[in-house]
Amino acid sequence: MNASVMMEFVINVISMGSLYALVSLGLVFVFGICKLINFAYGEFVTATAYILYALISFTNLPWALIFIISIAAGALLGFLCEQIAFKPFRGRSLDALLVTSFAISIILQHSFQLGISPRSKAILTPEIFNKTVEIFGVMTPFRNVLIIITTVILLVAMVLIMRFTPLGIAMRAASENFTTARLMGVPANLVISCAFVISGFLAAVVAIFWTARTGSVEPLMGASPLNVAFIAVVIGGMNSLPGAVLGGYIYALIANILSLTLPSGLLSFRDAIMFVIVIAFLILKPEGLLRGNYQEERVG
């Protein structure tokens, strides 16, 4: 492998890993506090992608405003789902919450199919997304650079919020031990709602860059980011925000290695191989690479 091919490989891994890290964080924020795997998370991405499509197709708003509205809509969707669908079942068993998340996912999927279209819709992206730039002698789409920069900014912002703001400290305390944190005066409703808002916010950012890579949106597109998030957090650690980020980059690394090494006839089995890796982690190291607060607890 010559230097240019190696550099292209590194850029692809970092850009894909950055996107996958954001996907994983959106899932882990809710799990860390509620101990709930939100299977409707993929539909958060899809819903925001459709909002993006509508704004681009039927308005003449500037791109910056379109992105801001889409991200705000994603955060609002996360909040509304928590208030309408999850909050009424919060005091019940974890099974009830899991069934609820499945129900929201199915309802949204069918809503997209019946209310919009079962076919994919092409999404235009800013011209700058498709321009190529040279990095260490390798040409790459500028959207890859934007993904990396956006991820770095968001990760730094998340670290500052979680470490130095009252809300962030409350969320960290709730993720460590929700029951004790609530007894110490941490507002449970606010913390849980904020977790869903952040999850929706991250899903919206993911939707922008995911559609920039695929160029379209369709009712079932949320399955791919959900699968990526699930695999990444199992590898990195479902109880650790740094683990989710690490898992995203490891997923990208493994996926790119498989794409380069697998024979063309076996490339369709790449996702199956990734799930074999997940099963191995669940058996041998269920807490993931970064343990975090690995214990059995749920919000009651």
Condition check: crowded, with 23+ Cβ neighbours inside 10 Å and either charged (D, E, K, R) or closer than 13 Å to VAL205 by Cα (or both). Does ALA49 satisfy that? yes
Restricting the range 58-86 to residues that are farther than 21 Å from LEU27 by Cα and in contact (Cβ under 8 Å) with a residue 24 or more places away in the chain, the one surrounded by the most Cβ atoms within 10 Å (Cβ to Cβ) turns out to be PHE67
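Each row is one residue, and each column tells you yes or no for (1) assigned to a loop (DSSP other than H, G, I, E, B); (2) surrounded by 13 or more Cβ atoms within 10 Å (Cβ to Cβ).
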position	(1), (2)
ILE231	no, yes
MET238	yes, yes
ALA255	no, yes
LEU267	no, no
ALA272	no, no
Pairs with Cβ under 6 Å, 6+ apart, first in the range 7-19 and in contact (Cβ under 8 Å) with a residue 40 or more places away in the chain, second outside any helix (DSSP H, G or I): MET7/PHE136; MET7/VAL138; GLU8/VAL138; ILE11/THR140
With (1) under 30 Å from SER4 (Cβ atoms); (2) buried (at least 16 other Cβ atoms within 10 Å of the Cβ) as the list, and MET139 as the residue in question, which single condition is left unmet? (2)
Looking only at residues in the range 178-215 that are modelled with pLDDT under 80 and small (Gly, Ala, Ser), which one is farthest from the chain's Cα centre (by Cα)? GLY185
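Considering LYS131, LYS87, which residue is more than 24 Å from SER193 (Cβ to Cβ) and not small (Gly, Ala, Ser)? Working first, answer last.
On the way: LYS87 fails: more than 24 Å from SER193 (Cβ to Cβ).
It is LYS131.
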Pull up the range 51-72, narrow it to residues that are within 20 Å of PHE129 (Cβ to Cβ) and small (Gly, Ala, Ser), then point me to the one that is modelled with the lowest pLDDT. SER57
Among the residues of the range 106-118, are any closer than 30 Å to ILE56 by Cβ, surrounded by 15 or more Cβ atoms within 10 Å (Cβ to Cβ), of a type in the set (S, T, N, Q) and within 17 Å of the chain's Cα centre (by Cα)? no
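Just checking, which of GLY42, GLY78 is touching a Phe, Trp or Tyr at 6+ places or on another chain (Cβ under 6 Å), closer than 23 Å to GLU218 by Cα, part of a helix (DSSP H, G or I) and modelled with pLDDT of 90 or more?
One residue alone meets the criteria, GLY78.
The values are calculated or read from the model by the stated rules, or taken from the named source; none is laboratory data. Not measured: the values here are computed from a predicted model. Reconstructed Cβ throughout: ideal geometry from the backbone, glycine too, with neighbour counts over all protein chains shown.
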